[in-house]
Amino acid sequence: VNVYTVLEKEHPTMKTTVKSAPFRAVMDRPRPEHKKPKKPALFWRILIQLLTVFGMAGTGFKLETEGMEKIAKGEPCLILMNHSCFLDMQIAYRALFPRAFCIVCTSDAFVGLGGLMNWVMRQIGCIPTQKFVTDVSLIKDMTYALKEMDTSILMYPEASYSFDGRCTALPRKMGVLMKRLGVPVVTVITQGAFARDPLYNMLQIRDVKVSAHVKCIATAEEVKELTVAELDRRLDEAFSFDNFAWQRDNRISIDVPYRADGLHRILYKCPHCGAENRMEGQGIHLTCRHCGKRWELTPLGELKAETGETEISHIPDWYRWEREQVKQDILEGRYRLDADVDIAMQVDYKAMYRVGKGRLVHDLDGFHLTGCDGKLHYTQKPTASHSLNSDFFWYEVG
């Protein structure tokens, strides 16, 4: 979540402040002081609601609700929203207004904004956290907002944008969190947002209408009565979307000449010859530069081979097939990444610090990162995190 998605237009300039500094000097920098969440005042809610009029112009936004009458007016709840594109934050404000809510956001969104903008981020309810790690202070902050401030919490459980139009892996036992918080659980699922601006497509906007479905999937009483497994099942059902299937089934035509640009970012392996990292998505075609096979991405979002068999027509199926290939490599002991890397660290909100170069190994034992002239030695077991964040051009840094 980045405040610029609210305060600017549909596509923010996603930049951050980057500085070079010695590793030891960065490690010695003081860490930010923890601050309790702020309840966003009505002024901020109205202001942001007005600003979304500009950011969402042309989206034809429509809102559907289901079961929301089960929640008392003003009753704080846990709001779980899918993460499709930069438009998500504006959709949330449009869908939930005038409800007050705090926003669980990635801590790097605060970096380099300066004192004033960091203050604004706090005033609109942002709660910074590190992604994909256990964060006890986050649970305390969420509980404080819900119980002490009587304010809802908006959270993106996927914690990263969907690449293939389906749900990114959710952390297991979200039901444990629901049980601990003890408030109603609401989901916000968007339609059209991913198709309008998929992350792989070089941030090129397509003319697609956007809607959102807001649903109460569990009241406070149900959260208390249901098992963790049952709550997880309800969440999985709500997040069982498939944006490419939605486009196909609803006959949403995206007939633009750049619709396949960047598609190789997610479809990197050829199902015809098996070559990796030789795919190229450009214009309306996806081409394997190793064997020469070419597929057209049709206006309805399906792949069709120009010659011969269409091995996989549904993009999420191709993406799943790639993941299964990696899984097989792991099971057979073949998987290994060994690469030279640039290393940057975040220890405060001043900047991202470039601390030097290193070597990253990723294999069955997890991650092993060394570098900074021998000063850095870091390991992380595979069980340390349920997922990782990857980005194609992170904050325009790389």
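The values are calculated or read from the model by the stated rules, or taken from the named source; none is laboratory data. Remember, it's a predicted structure, so these values are computed and weren't measured experimentally. All Cβ positions, even for glycine, are placed from backbone atoms using ideal geometry, and neighbour counts span all protein chains on display. Protein only, heavy atoms only, side chains kept; ligands, DNA and RNA dropped before computing areas. Shrake-Rupley method; radii C 1.70, N 1.55, O 1.52, S 1.80 Å.
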Query raised in the report: For Gln247, are the conditions met, namely being polar (S, T, N, Q) and crowded, with 16+ Cβ neighbours inside 10 Å?
Result: yes
**Report entry** Residue identified as over 21 Å from Ala95 (Cβ atoms) and open to solvent by 30 Å² or more (accessible area, probe 1.4 Å) among Val111, Val120, Val176
**Finding:** Val176
Query raised in the report: Does region 43-77 hold any residues that are touching a Ser or Thr at 6+ places or on another chain (Cβ under 8 Å) and open to solvent by 50 Å² or more (accessible area, probe 1.4 Å), and which are they?
Result: Lys62, Leu63, Glu64, Lys70
Query - Unique residue being among the β-branched types (Val, Ile, Thr) and part of a loop (DSSP other than H, G, I, E, B) when the list is Thr168, Thr190 - result: Thr168
Query - All positions within region 357-398 that are in contact with a helix residue (DSSP H, G or I) (Cβ under 8 Å, 6 or more places away or on another chain), of a type in the set (A, V, I, L, M, F, W, C) and open to solvent by less than 40 Å² (accessible area, probe 1.4 Å) - result: Cys372, Leu376
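So in region 193-216, with the set limited to residues that are assigned to a helix (DSSP H, G or I) and open to solvent by 10 Å² or more (accessible area, probe 1.4 Å), which one is farthest from His264 (Cα to Cα)? Quick ask: steps written out before the conclusion?
Taking region 193-216 first, the residues assigned to a helix (DSSP H, G or I) are 193-196, 199-201.
In the following step, the residues that additionally are open to solvent by 10 Å² or more (accessible area, probe 1.4 Å) were identified as 196, 199.
Values: Arg196: 18, Leu199: 12 Å.
Result: Arg196.
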Query - Exclusive hit being surrounded by 19 or more Cβ atoms within 10 Å (Cβ to Cβ) and touching a helix residue (DSSP H, G or I) at 6+ places or on another chain (Cβ under 9 Å), set Val228, Val185 - result: Val185
Requested in this report: Filter region 368-391 for residues that are out of contact with any Leu (no Cβ under 7 Å at 6 or more places or on another chain) and either of a type in the set (Phe, Trp, Tyr) or part of a loop (DSSP other than H, G, I, E, B) (or both) and give the result.
Outcome: Cys372, Asp373, Gly374, Lys375, Lys381, Ser385, His386, Ser387, Leu388, Asn389, Ser390, Asp391
